[in-house]
Structures are given as structure tokens and as C-alpha cells.
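What follows is calculated from the coordinates using simple rules that are stated; it is not laboratory data. No experiment lies behind these values; they were computed from the predicted model shown. Don't worry about glycine lacking a Cβ; one is built from the backbone with ideal geometry, like all the others, and counts go over all protein chains shown.
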Amino acid sequence: MKYYLDNAKSFFDNTVNVNMQMHYNQFLPLLPEGANIIDAGCGSGRDSKHFLALGYKVIAFDASSKLVQLATEFTKHNVSCCSFLEFNTMHNSQDGIWACASLLHISRNQLTTTFSHLAQFLKPNGVFYCSFKYGSSETERNGRHFTNLNEILLANILKDSPLKIQQSWITSDLRTGRENEQWQHAILLKDYSSR
């Protein structure tokens with residue numbers, strides 16, 4: 001977390017204008033009109049601002065107090081400061097969760113717990129988007145922990161959660177100069193029997 005306190009402005013500047021439309025196109029059509037979306041680990045607020053502009057109701061949070069401040073100013077929308085496991089809202093009330101390049105900082109042995117905690121806020125058949133750097137290792141870089149995943153590892157992490165992979169895809173990084181980095185994306189659905 002120290003990285004995002006010390007480097008909040010540069011992180012904001014490097015991510016706020018990334019065009020995520022190709023990923024929105026996988027997620028948003030699965031949601032009802034005016035859906036309730038949790039932006040989990042919202043970073044710059046880029047995606048929250050996009051969802052709000054389209055008429056969705058957004059609950060946004062991030063664990064970095066400095067990014068929360070920047071995201072609140074950028075979106076003109078309330079952003080809460082909390083970790084994934086601290087997050088709480090009305091039970092079973094949300095249509096979608098968007099966790100873009102945020103859960104990758106959770107250690108692999110804590111990911112099942114984290115996914116399950118967040119999934120409890122989804123309605124049955126709710127939609128959960130997540131993305132991780134593609135790979136199979138856990139690494140430390142510039143003071144940040146990264147858990148890299150592929151579809152097999154993600155499916156294994158989810159097997160004791162109410163979430164199942166509906167679709168997954170791999171892309172290059174969308175930031176200029178990072179095109180050789182690959183990302184694993186997935187759309188997860190909450191099991192209808194999980195209430």
C-alpha cells in the first residue's frame with residue numbers, strides 16, 4: 001500500500017486515460033439497465049466515471065487514501081477508503097463487481113477468501129470482472145506484491161467460492177510502452193444457488 005501512497009499522482013496520471021472499452025464491452029452488456037456496480041480497488045476512478053456517465057449506480061472504494069482523494073475529485077462521486085476485506089454494503093444488492101488490476105495485489109492464499117467476501121454482495125447470477133497479470137508466479141516489484149494468474153489457477157482459486165468463470169481472455173497491456181506485458185481477464189458469475 002505504501003507504493004500507492006508515495007506514487008498516487010503518477011499512478012493516477014499513467015492510468016486515468018487508458019481506453020478500457022474492449023473490456024467494458026465484455027462486462028456491461030451482462031448487466032441490467034441502471035445496474036448497481038461495485039468498483040473494487042478503483043484506483044484513479046477512471047472506470048467509475050465511465051459507469052456513472054452511462055447511468056449506472058456505482059459504489060467505489062480503494063485502500064489508498066491518496067488515490068481515494070484523487071478519484072473523488074476526478075469522478076465528483078464519493079469514494080470510500082477501505083481494503084477488500086473491510087468493504088461492506090447492503091447484502092446481495094449489487095448487479096456487478098468490477099475489479100480491474102486490483103486483486104492482483106492480494107497473495108494467492110488470500111484470494112479465495114477475498115473473492116468470497118466480495119461475492120456476498122452480488123445478487124445471484126451477478127457478474128464479476130477481474131484482471132491479473134498473466135502468469136503463475138507471485139512476485140515483489142517496486143514495493144508491490146503481484147499475484148500472477150492464468151485461467152487454470154484462477155479456476156482453482158474459485159472452486160471453494162460461489163463464483164465460476166463464464167469467459168476469459170488474454171490481452172496485451174493497453175498502456176503505451178507496456179504492450180509486451182500480458183493480462184488475464186475473466187468474467188465470473190455468482191452461482192444462482194448462492195444467496
- Query: Once the Cα atoms of segment 94-144 are picked out, what are the Rg and Dmax in Å?
  - Reply: 12.4, 39
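For the chain, what is the relative contact order in percent, using Cα pairs closer than 8 Å and at least 6 residues apart in sequence? If you can, show how the numbers build up before the last one.
Numbers: 398 pairs, mean separation 37.2, N = 195.
Once divided by the residue count of the chain, the mean separation gives 19 percent.
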- Descending semi-axes in whole angstrom, ellipsoid equivalent of the chain, from the Cα gyration tensor: 22, 21, 16
- Ellipsoid equivalent to segment 45-107 - semi-axes via the Cα gyration tensor, in Å: 17, 16, 11
- Ranked by Cβ crowding within 10 angstrom, fewest neighbours first, how are D62, D173 ordered? D173, D62
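Need the full-extension length gain, R141 to K159, defined as separation in residues times 0.36 nm minus the C-alpha distance. One decimal, nm.
Values: separation 18, 0.36 × 18 = 6.48 nm, distance 2.85 nm.
Result for the pair: 3.6 nm of gain on full extension.
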- Message: Here is the link list: K123/K164; K66/K164; K57/K123; K57/K190; K123/K159; K57/K159. Which ones come out longer than 24 Å on Cα distance?
- Response: K66/K164; K57/K159
- Note on the structure: Filtering trypsin sites (Lys or Arg not before Pro) in segment 74-157 by DSSP loop and by at most 15 other Cβ atoms within 10 Å leaves K76
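Over 20 Å apart: what share of the alpha carbon pairs of segment 71-174 falls there, rounded to a whole percent? Each step should come with its number before you reach the end.
Numbers: 2283 of 5356 pairs.
Distances greater than 20 Å cover 43 percent of the Cα pairs.
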- Query: When you take every Cα atom in segment 72-117, what is the radius of gyration, and what is Dmax, the widest Cα pair distance, in Å?
  - Reply: 12.3, 36
- For the pair D173 and L31, how long in nm is the line joining their label points, each one 7 Å along Cα→Cβ? 2.7
